[in-house]
1. Taking the conditions exactly as written (within 14 Å of Val97 (Cβ to Cβ) and either of a type in the set (D, E, K, R) or modelled with pLDDT under 95 (or both)), does Asp176 satisfy them or not?
2. Go through (1) over 21 Å from the mean Cα position of the chain (by Cα); (2) under 26 Å from Pro141 (Cβ atoms) for Phe2 and report which single condition fails.
3. Counting only residues that are at pLDDT 90 or above and hydrophobic (A, V, I, L, M, F, W, C), which one in the range 102-118 is nearest to Glu155 (Cα to Cα)?
4. Out of the residues in the range 1-59 meeting the condition of being among the small types (Gly, Ala, Ser) and in a helix (DSSP H, G or I), tell me which one is farthest from Lys163 (Cα to Cα).
5. Residues being part of a strand (DSSP E or B), of a type in the set (A, V, I, L, M, F, W, C) and surrounded by 14 or more Cβ atoms within 10 Å (Cβ to Cβ): count how many of those fall in the range 62-102.
6. With Glu288, Glu221 as the choices, which residue is modelled with pLDDT under 75 and not in a helix (DSSP H, G or I)?
7. Would you check which residues across the range 30-55 are more than 21 Å from Asp197 (Cβ to Cβ) and not charged (D, E, K, R) and list them?
8. In the range 43-64, which residues are in contact with an Asp or Glu (Cβ under 8 Å, 6 or more places away or on another chain) and closer than 30 Å to Glu181 by Cβ?
Amino acid sequence: MFDIVAAVDAAKSRKIEVWPCRSNRASNMGDPCLRRLVYERTSWQAKALHDVGLQYIFDLGKEQEKIVLDDLREAGLDVVEQQRPFDWTQYEISGRVDCKISVNGSTIPVEIKGLSPWIWESLNSVADMFAAKQVWARKMPAQLTLYLLMDNKEEGLFLFKNKVTGRLKQIPMYIDYLYGEELIRKAETINKHMAKDTLPDRTTEQALCEDCSFAHICLPEINREASLLIDEEIEGMLDQRGKLKEAVAEYEELDKEIKKRLAERPETIIGNWICRGKWVDRKGYTVEEGKHWQMSIRALK
C-alpha cells in the first residue's frame, strides 16, 4: 500500500532549511543565552537543522494563526497591517508583527500563539511568561516589547489559542521602558561582538544547552574529550531514555493540571477514569505543616 504518511513527512522535510540571519530578530531577543544570539548572526550556516517533527509544529502554528485571524474578522474586528515588517537600523533589530487591531482610531500590535491546553492554562500574565521554563515562552515579552518601541505604542496584546478547545485568551502587555532599554543594550552587545569577532561567555543555565542548535560548535571540547563507542544496544537504550525524559515532563505537567482542575472534588468519574481526593494533614521537618489536597487517579477498566 502507498505510504501516505511517508510522503507527507518527505514534503515536510524539504521545507527544513536555514536562512541567513542579518539582524537581531525581535523574536529571539528574549533568549537568556547571549552567546546563542551571537551565533545566530555569525554562524547561522552551522546551525543544526531541526527534525521533521518540529517542522509539523511550525506549520501547525502558522495554521493556528490563520484560524485566529479568520475568527477576528468574523467577529467584525478591524485587522490591519498583518505581518508588517519592522527594522530598527540603529540597533540592527528587525521583526514582523502578526497583526494589529484597529480600535477607536488607534492600532494595537498583536502577537498570536497556538498553545497546548496545559500551557494555555498556565500562562495568564506577562509575569507567567517570564517565569516559564520553556525558553520560547520567556522570549515572547521581549518580542512584543521591541515591536511597541519600534511602533511608538504603549500597549500590545497577546492572543493565545488553545489548540484542543479552540478557545482564545488575551493578555495585555504595557510598555516597560526599563526592560526595553535592557533589550537595546543586549542588541548593542551582540553587534559589538560581531564587529570584534568575539564571543560572550557561555551560559551558566545548563538546561539551555540540551537542545541548542549551536551546541556542536559552542562545546567542541565535548567531542574532543569523548571516546567513541559503537554499541547498538546502549544507543537504543539512550534513545529510549531521551523519549521517556520528554514523556515524564509531559506527564508531570498533565498530572499537575488535572489535579488543579479537580481540586476539592471527593470523587469524579471521567470516561474510563476515576479520580478520588481528600484533605490530609501534612507534617514534616522539611515542608510547611498544614493541610493539602491529595488525589489518586486510576483506570476503571
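1. On the way: within 14 Å of Val97 (Cβ to Cβ): no; either of a type in the set (D, E, K, R) or modelled with pLDDT under 95 (or both): yes.
Spelling it out, it is not the case that Asp176 is within 14 Å of Val97 (Cβ to Cβ) and either of a type in the set (D, E, K, R) or modelled with pLDDT under 95 (or both).
2. Condition (2) is where Phe2 drops out.
3. Ile108
4. Here is the first cut: in the range 1-59, the residues among the small types (Gly, Ala, Ser) are 6-7, 10-11, 13, 23, 26-27, 30, 43, 46, 48, 53.
Checking the rest, the ones that are also in a helix (DSSP H, G or I) come to 6-7, 10-11, 13, 46, 53.
Numbers: Ala6: 24, Ala7: 25, Ala10: 25, Ala11: 23, Ser13: 23, Ala46: 33, Gly53: 17 Å.
The qualifying residue farthest from Lys163 (Cα to Cα) is Ala46.
5. Just the residues of the range 62-102 that are part of a strand (DSSP E or B), to begin with: 78-80, 84-88, 93-97, 99-102.
Checking which are of a type in the set (A, V, I, L, M, F, W, C) leaves us with 79-80, 86, 88, 93, 97, 99, 101.
In the following step, the residues that additionally are surrounded by 14 or more Cβ atoms within 10 Å (Cβ to Cβ) were identified as 79, 86, 88, 93, 97, 99, 101.
Counting residues in the range 62-102 that are part of a strand (DSSP E or B), of a type in the set (A, V, I, L, M, F, W, C) and surrounded by 14 or more Cβ atoms within 10 Å (Cβ to Cβ) gives 7.
6. Numbers: Glu221 fails: not in a helix (DSSP H, G or I).
Step by step, each of Glu288, Glu221 is checked, and only Glu288 is modelled with pLDDT under 75 and not in a helix (DSSP H, G or I).
7. If the condition is that a residue be more than 21 Å from Asp197 (Cβ to Cβ) and not charged (D, E, K, R), then Gly30, Pro32, Ala48, Leu49, His50, Val52, Gly53, Leu54, Gln55 are the ones that fit.
8. At the first step, the residues of the range 43-64 found to be in contact with an Asp or Glu (Cβ under 8 Å, 6 or more places away or on another chain) are 47, 49, 52.
Once the filter is applied, which keeps residues that are in contact with an Asp or Glu (Cβ under 8 Å, 6 or more places away or on another chain) and closer than 30 Å to Glu181 by Cβ, the range 43-64 yields only Lys47.
The values are calculated or read from the model by the stated rules, or taken from the named source; none is laboratory data. Predicted, not measured: the structure shown is a model, and the values here were computed from it. Cβ: placed from backbone, ideal geometry, glycine included. Neighbour counts: every protein chain shown.
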